[in-house]
Amino acid sequence: MRIIVSGGAGFIGSAVVRFLAKLDGIKILNIDKLTYAGNLASLRSVAALPNYSFEQVDIVDRPKLDEIFSSFRPDGVIHLAAESHVDRSITGALAFIQTNVVGTFHFLEAARAYWSTLPAPERQAFRFLHVSTDEVYGSLGETGLFTEETRYDPSSPYSASKASSDHLAIAWMRTYGLPVLVSNCSNNYGPYHFPEKLIPLTILNAMEGRPLPVYGNGSNIRDWLYVEDHARALWTILRGGLPGRTYNVGGCNERSNLEVVETICDALDTLRPTPRPHRELITFVADRPGHDKRYAIDATRCEDELGWKAQENFQTGIASTIEWYLENEWWWGPLRSNVYSGERLGLTSEAAPEPVSAC
């Protein structure tokens, strides 16, 4: 089976590529623009494998996409290429519209043009998996879960751009018959996570004795999904999902942002003890504009229909993640020094700058 993974040098994308590369009979073409969040070092373990190849491509480049589809001749696509950080979308929304909306349009069109030339059996077997986020659903109250039938209600430029791309993907199925699947996942975490996000930022700041900023009072809740569980889910959906259907992927691990930060602090008190408890580094800062209160995923469809289930709970996953960052400065050190050092992103003109980013 031949699979194109777009955004395969990103956090989730690289986990998918590493997972697929271990399977028999799979050839992978990773296409990635290599923005600040794309890092080929995340693929060091698979770079020399004969079943893996890479092309640096911007998904708005339709002629190049056509060339790639024609030469590689994929049996399936996992579309992960996206601008994905909420804070960056607040101050730079255009890049999110360009990549997430316009880029997805071009990618769908390139896939459709290629798919339409295939013999009937290959057309029937082809799949286009569009990977999205639970943020398209907006904010939950104190109870309830996002299901595949939850109404879209995006709050940020990022989530609005992903909602738009979801609608495009489903429309290409309904209008043109392109066999599209859509997945919406909860917050991912794990190794190789770019250090602008809450968990890696907290780990690295704590290791360096820097402030651990928490938005508002830290009560915003997310459902945490270990990235390797997500990679398995995407493979499961690509193989067994029904075209035109959406699948929610979640870890069933709700935690407030403050709980996440405190868990990391307590673990580092044991692994990297300091004279003062790491919790004393926690600093509450001005909240993000439009910060959704709570996300939580109902993954019943993915579990019951496709047989997928998360293998990591938050306790095991966060322990593995912390240990990975402690042992792999070769990966994150250059990013902290040369790409992103921990400054706050996503400030509006009314907010004072503070050294923080968050999930």
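Taken together, the values in this text are just the output of simple stated rules run on the coordinates, not laboratory data. Please read all numbers here as calculations on a predicted model, not as lab measurements. Cβ coordinates were reconstructed from backbone atoms using ideal geometry, including for glycine residues, and neighbour counts include every protein chain displayed.
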Practice task
Would you calculate the separation in nanometres between label points at N338 and E280, each defined as 7 Å from the Cα along the Cα-to-beta-carbon direction?
Solution key: 3.6
Completion exercise
Within the stretch 98-183, DSSP-loop GluC sites (Glu not before Pro) with at most 11 other C-beta atoms within 10 Å are E142, E149
Practice task
With r as the distance between the Cβ atoms of K293 and A95 and R0 = 25 Å, compute the FRET efficiency 1/(1 + (r/R0)^6) and round to 0.05.
Solution key: 0.40
Problem - Simple spin-label estimate for D24 and E327 in nanometres, 7 Å along Cα-Cβ - result: 2.8
Problem - Residue-wise HN-Hα coupling along the stretch 217-223, computed from phi with Karplus coefficients 6.51, -1.76, 1.60 (Hz; x: Gly, Pro) - result: 9, x, 8, 5, 10, 10, 9
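Length gain on complete extension for the stretch N313 to E149, per 0.36 nm per residue less the alpha carbon to alpha carbon distance? Before the final figure, lay out each step's value.
Numbers: separation 164, 0.36 × 164 = 59.04 nm, distance 2.55 nm.
Fully extending the segment from N313 to E149 adds 56.5 nm.
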Completion exercise
For Y176 and R123, extending 7 Å from Cα along the Cα-Cβ vector and measuring point to point gives, in nm, a value of 1.3
Problem - Value of [θ]222 nm, deg cm²/dmol, for the chain, DSSP H segments ≥ 4, -39500 (n - 2.57) each, nearest 500 - result: -11500 deg cm²/dmol
